[in-house]
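Quick notes on the structure that follows.
Any read-out appearing in this document is the output of simple, stated calculations on the displayed coordinates, not a laboratory observation. In this text, all values refer to a predicted model and were calculated from it rather than measured experimentally. Cβ atoms come from the backbone with ideal geometry, glycine included; neighbour counts cover every protein chain shown.
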Amino acid sequence: MASILIIDDEKAIRNVLKDILSNEGYLVEEANDGEEGLKKFKAGNFDTVLCDIKMPKLDGIEFLQKAKEIFPEIPIIIISGHGNIETAVDAVKKGAFDYIAKPPDLNRLLITLRNALDRTLLVQETKVLKKKVAGVQEIIGNSEPIIQIKETIEKVAPTDARVLITGENGTGKELVARWLHEKSDRSAAPIIEVNCAAIPGELIESELFGHEKGSFTSAIKQRIGKFEQANGGTLFLDEIGDMSLGAQAKVLRALQEGKITRVGGDKEISVDVRVIAATNKDLLKEVEAKNFRLDLYHRLGVILIHVPSLNERIADIELLVNHFLEQIALEYRQSIKSINPAALEALQKHNWTGNIRELRNVVERLIILSGKEITAKDVKMYI
């Protein structure tokens, strides 16, 4: 449901417009002068604004100019009983979506509003599409550990050095891997991901190296493995700490020789692949427990990147929350909700066992279940 802010110093005009627009199904909020209107505009999430020109404290043109500096994409419709052609042209030049003279013609007003709201929706859809086309989300954060990770990516990405990314579940290890690929000379080729924890041990070798027809009971046709699919690009081995020892031996050989052999085959196939691995386990402890090969650990860990938990980067929570508020609002085609300082403080004090993934889920839940502004009470209720 679209939200509209009406700014007019004449109460009778505000009442009439509110009645008309409420009957049309819009959410309407009022302000009795430009100064109050600007405060509400900053604090609220409006899809469009109807604003008078002649008002005390801050007139319509001044409001228009200040509002465009804050949220330039929100359409503002100027309405006035004191206008002329010059005033209308000036308002449009300064960024007004349209100009309507008082008393407004009902049909024209509703059509103009509909057009303004359609443009708002189009802008939101364009943002979503741009994000999809861009492909890789940015790494959000200005904390010292995140700055170091970004600097490391800039240095390491252009090389073919293998990278081992460590960190708890939900910290963003996959995102780091994708940026390493995106900023590399291999970015035109694919990045192929294998979740080693999600594939049964007896199938992991077929998944990685492929198999020949008839090599086992269900092998009814030849299959190309992930190493071949990633040829010329990057192979991302996620949760590599869960890979079987047998598969580890074959991965080690592939890294040493740049060649693989499909399951059930005897032909060696050359592959040009950069391998990036990630794990939430302490691989050196896994080596001690004889669950992981030390020689493979050293092959994979040319460059080590540790992604900190969210509890170790509390300073980034505000940036992340605002990012998710915008991102999810765009996905849902809704206005962006605001969050008050007390709610933000409550989020910063929470113990984030699920890290970034958990935070995004909580923000999405708050967007769906809270009111226009997210409060500390909402956080306590829905976290």
Original post:
DSSP beta bridges in the stretch 149-298, what fraction antiparallel, as a percent rounded to 5?
Top reply: 20
Subject >> Positive-end extreme of charge dipole, the stretch 311-382 - chosen from Thr375, Ile314, Asn355 (charges on Cβ) >> reply: Thr375
Subject >> Unit charges at the beta carbon, dipole of the chain: most positive-side option, Ile192, Thr279, Met243 >> reply: Met243
**OP:** For the stretch 311-382, calculate the relative contact order in percent as a whole number, restricting contacts to Cα pairs under 8 Å that are 6 or more residues apart.
**Re:** 39
Original post:
Counting only residues 5 or more places away or on other chains, whose amide H sits under 5 Å from the amide H of Ile100 once H atoms are built in the peptide plane?
Top reply: Ile78, Ile79, Ser80
Original post:
Nearest-5 percent of antiparallel DSSP beta bridges in the chain?
Top reply: 10
Subject >> Magnitude of the charge dipole, the stretch 311-382, Cβ model with Lys/Arg +1 and Asp/Glu -1, debye to 20 >> reply: 220
**OP:** Divide the volume of the convex hull of the Cα atoms of the chain by its number of residues and quote the answer in cubic angstrom per residue.
**Re:** 189
Original post:
Are any of the pairs Lys213/Lys259; Lys183/Lys290; Lys18/Lys372; Lys155/Lys285; Lys39/Lys94 more than 26 Å apart by Cα-Cα distance, and if so, which?
Top reply: Lys183/Lys290; Lys155/Lys285
